[in-house]
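Notes for the one structure printed next.
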Amino acid sequence: MNTETVQSFLDFVRRSPSAFHATDALCRALQSAGFVRLDEREPYAVAPGGRYFVTRNLSSVIAFAVPKEGFTHFQIIASHSDSPTFKLKASPEELVCGQYARLNVERYGGMIMSTWLDRPLSIAGRALVREGDSLRTQLIDLDRDAALIPNMPIHFNREVNDGYKFNPQVDMLPLFGDKQAEGALGKEIARLCGAEPEDVVACDLFLYNRQAGSVWGAQGEFFSCPRIDDLECAYASLTALLSAPAPAGHISVMAVLDNEEVGSGTKQGADSTFLSDTLHRAASALGLGEEAIRAAIVGSFMLSADNAHAVHPNHPEKYDADDRAFLNGGVVIKHNANQKYTTDAVSGAVFAELCRRAGVPVQHFSNRSDILGGSTLGNIAGTHVSMNTVDIGLGQLAMHSSYETAGTADLGYMIEAMRAFYATPISTQRDGAYTLG
């Protein structure tokens, strides 16, 4: 158990109430480590031995480290910056019964709605502010207990403990204030932007859970906080990239992409050109032609890093009898015959061998054959940059709750596995053999 690492992660989560803030925190860490920011609108100035990063939509970021001498392929870790939540609608403020100021929201992703009830919430995201002839982007975080979604008393909802179905348009709208608070949100956002309310042109704002992260258990073996899925893997990939030795023979890439929870089909998601564009432009700037770039991508390797389901202590019957994961059991390799996960014998074996050499324990996860599982970003990204890919994650409980749980030892395991991945060149041979190192 690495208490310092877990506390550092909890601080990262606290500073990342939205995908925009998570990306900003990642970018700040990269800049502090000497990575140079690139602009997609300008030619890439990339040199051997350099370290760079680029953002798209301010909610996705790709960073990469170039070896001092030539390279043959890329080694990529992909995760995502977003988590299930509620997004404020374009006209978010409404007065109810002439007495309550309420917020109009809609679901973003597939959350467990009941976990958002009766807890302090705040609001974060971005605003577009008019300044003369231009529009400026401003990160927004109310950073206070600002709203709450109250439960109905059991006297008026006696089915609440018998499988009640929450209606997102009725049951899940947050209370923001009394009648005196009508219009207060717009004014507060304008104040945070240093602008007049009429100059705040548009916003992408989301609710977030204000409950602080906590390390707990008989010996501090567990921790809980919001947005473990998938900020844990994003944080681990950043830590590994910053602490790994300079790459030799490959370009080390960290890709943290937005909108996985809603299908990745955006300009900044895994189903966009962002990753492909970045790889092509970096290789081209280093002097590779199109044929060499395509060959480099085919010989590359990717870790699709998105968390996994650990066995729930109250419902072990929901999990496969053999391919099951537990908290603090190590990095999870995820399998699915229908390719919801990208792992096959090749990619699974290469990653497992990498972990064995690094002394990192590995678990294998498959769903019960009669229970459908979720999907992730690896197979989507692979349609744009086709390469060997393995789906991995860390076991957690209450996935898509507003307050999730994971194991304190596992974060260190993932960082070590990812650091070994960046440090070890993975070469593909003509005869189907794979060389590590």
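The values are calculated or read from the model by the stated rules, or taken from the named source; none is laboratory data. Fair warning: this is a prediction, and the values are worked out from it, not measured in the lab. Using ideal geometry, Cβ is built from the backbone for each residue, glycine included, and neighbour counts are taken over all protein chains shown. Quick note on the areas: whole protein, heavy atoms, side chains included, nothing else; ligands and nucleic acids left out. Shrake-Rupley method; radii C 1.70, N 1.55, O 1.52, S 1.80 Å.
Laid out as a table, the results:
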item: Single match in 185, 241 (criterion: over 28 Å from residue 30 (Cβ atoms) and in contact with a Phe, Trp or Tyr (Cβ under 7 Å, 6 or more places away or on another chain)); result: 185
item: Residue within segment 248-261 that is more than 16 Å from the chain's Cα centre (by Cα) and in a loop (DSSP other than H, G, I, E, B) present; result: yes
item: All positions within segment 94-135 that are more than 28 Å from the chain's Cα centre (by Cα), open to solvent by less than 50 Å² (accessible area, probe 1.4 Å) and closer than 16 Å to residue 171 by Cβ; result: 96
item: Subset of segment 368-410 (residues that are modelled with pLDDT of 95 or more and among the acidic types (Asp, Glu)); result: 391, 404, 410
item: Where a residue in segment 230-258 is touching a residue at least 40 places away in the same chain (Cβ under 8 Å) and farther than 12 Å from residue 419 by Cα and its partner, wherever it lies, is among the aromatic types (Phe, Trp, Tyr) and open to solvent by 10 Å² or more (accessible area, probe 1.4 Å), with Cβ under 9 Å and at least six apart; result: 248/71; 249/71; 250/71; 251/71; 258/20
item: Hits in segment 109-166 (condition: touching a Leu at 6+ places or on another chain (Cβ under 7 Å) and at pLDDT below 95); result: none
item: Helices (runs of 4 or more DSSP H) wholly inside segment 279-381 containing at least 2 residues that are more than 23 Å from the chain's Cα centre (by Cα), small (Gly, Ala, Ser) and surrounded by fewer than 21 Cβ atoms within 10 Å (Cβ to Cβ); result: 290-298, 345-358
item: Flag if residue 218 is in contact with a strand residue (DSSP E or B) (Cβ under 7 Å, 6 or more places away or on another chain) and hydrophobic (A, V, I, L, M, F, W, C); result: no
item: Total residues in segment 72-88, condition open to solvent by less than 10 Å² (accessible area, probe 1.4 Å) and outside any strand (DSSP E or B); result: 2
item: Which numbered condition residue 269 misses (of (1) in a loop (DSSP other than H, G, I, E, B); (2) surrounded by fewer than 16 Cβ atoms within 10 Å (Cβ to Cβ)); result: (2)
item: Verdict on residue 91 being farther than 29 Å from residue 376 by Cα, out of contact with any helix residue (DSSP H, G or I) (no Cβ under 8 Å at 6 or more places or on another chain) and open to solvent by 70 Å² or more (accessible area, probe 1.4 Å); result: yes
item: Test: residue in segment 44-59 that is in contact with a Gly (Cβ under 9 Å, 6 or more places away or on another chain), charged (D, E, K, R), in contact (Cβ under 8 Å) with a residue 40 or more places away in the chain and open to solvent by 20 Å² or more (accessible area, probe 1.4 Å); result: no
item: Scan of segment 89-116 for residues that are over 14 Å from residue 185 (Cα atoms), assigned to a strand (DSSP E or B) and free of Cβ contacts under 8 Å to residues at least 40 places away in the same chain, ordered by number; result: 96
